[in-house]
1. Over region B:23-170, calculate the relative contact order: mean separation of alpha carbon pairs under 8 Å at least 6 apart, over the residue count, as a percent.
2. What are the distances, in nm and sorted shortest first, from the label point of residue B:141 to the label points of the same position in each other copy, with each label point placed 7 Å from Cα along the Cα-to-Cβ direction?
3. Which whole-number percent is the relative contact order of region A:44-92 (Cα, under 8 Å, 6+ apart)?
4. Which whole number gives the average count of other chain Cβ atoms within 10 Å of the Cβ atoms across peptide A:123-136?
5. Taking region A:103-170, which trypsin sites (Lys or Arg not before Pro) meet the DSSP loop condition and have no more than 12 other C-beta atoms within 10 Å?
6. Starting from the Cα gyration tensor of region B:30-76, take the square roots of the eigenvalues, sort them a ≥ b ≥ c, and report rounded, prolate or oblate (rounded when a/c is under 1.5, otherwise prolate if a/b is larger than b/c, else oblate).
7. Starting at the first residue of region B:104-115, write each ³J(HN,Hα) from the Karplus equation 6.51 cos²θ - 1.76 cosθ + 1.60 with θ = phi - 60°, in whole Hz, x for Gly and Pro.
8. Given H placed on each backbone N at 1.01 Å, which residues far from residue B:169 in sequence or on other chains put an amide H within less than 5 Å of it?
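What follows draws every value from the coordinates through simple rules; no lab data is involved. Worth saying up front: this structure is predicted, and the values here are computed from it rather than measured. Methodologically, a virtual Cβ is constructed for each residue, glycine included, from the backbone with ideal geometry; neighbour enumeration extends over all protein chains shown.
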2 protein chains.
Amino acid sequence: MNDPQDGETLSRETAPTEPLSAHAEPAPGDLDEIDRRIVAALMNDARQSFATIGASVALSAPAVKRRVDRLRAAGIITGFTAVVDPSRLGWTTEAFVELFCTGRTNPDQIQQAARKHPEVTAACTVTGEADAIVQLRAKDMAHLEQALERLRAEPFVTRTKSVVVLSRLT
Amino acid sequence: MNDPQDGETLSRETAPTEPLSAHAEPAPGDLDEIDRRIVAALMNDARQSFATIGASVALSAPAVKRRVDRLRAAGIITGFTAVVDPSRLGWTTEAFVELFCTGRTNPDQIQQAARKHPEVTAACTVTGEADAIVQLRAKDMAHLEQALERLRAEPFVTRTKSVVVLSRLT
DNA sequence: AATGAAAAAAATAGGAA
DNA sequence: TTCCTATTTTTTTCATT
């Protein structure tokens, strides 16, 4: 994917040692290559047996189990979950909501509020005009509206700006 | 050999042209309360045993297993995955990017473009001024910028507006 | 410290009622 | 659906490098 990016006229010589798509693995934390492959395998299928994983990383089942235990204890793997097709569960209406908050709202307040509403599937503070973006998922538009009203009722929320998801592409 | 769903085989002459695996979603929302609780339990911990789940929904382990099998076959549960703390794996920089597109860009084009870039973790078309929102996740700010540049180079993209995630609250 | 092998305990996968 | 059972997997224990 080498895209000609010549927009800049500054013809500073490019550093020849800099690989563009450097997959530099500085090994954050203390995961080795086997740990990474175990994590990848579990992300792919969290219910496969340790023996199966072991076969793909050339380790015995107990050895894999110990590493998984260690990864969980270290907080690298935080849990295992079922991947559900939300549309099949009926909560098919989605929205992104920008939250504008009062002057000295802190992230903890937003977080606490987010946890109160089950329709909130994600929340984060952001750069830009808004203070936070939350993702909502609801059964239908009426449900979404109701959830949004509840959010707007939070004392620190001064204004919201929503966009509704028309279709999910990924 | 074992056809689980033959309960109502009317002895009407079999239609030879009938696709066997007609994924006829006959009842997209026909999960009963127990199914929902099983799904919730698995979302909470995908590696707990069927017996444990059974204890919480007052069902035997084999009964739970059959329901899970059915939920998977129906495409409601699409898989099981490990939940990983992304910051421990390196891709810690996130952004929401609004995409403004040329006049008659269709969703398929956006979808194809989204698939080309590994940094895109989600993409959807939305109401409002922008045509789509994509979520990016990258190793660091430089990586994010590079991914954004690649996105902006798509021929149908006229303009983008990004906000960077400061911290994830959920 | 980390691994593999073996044994014990637990879970799973089907079958029958 | 539950019950039952053979098979597989998990988990502990122990010996090895």
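1. 22
2. Once sorted, the set of distances for residue B:141 reads 4.1 nm.
3. Values: 21 pairs, mean separation 11.8, N = 49.
Relative contact order for region A:44-92 comes out at 24 percent.
4. Shielding by partners across A:123-136 averages 5.
5. A:104
6. rounded
7. My calculation for region B:104-115 gives 10, 7, 9, x, 4, 4, 5, 4, 4, 5, 4, 5 Hz in order.
8. A:123, A:124, A:125
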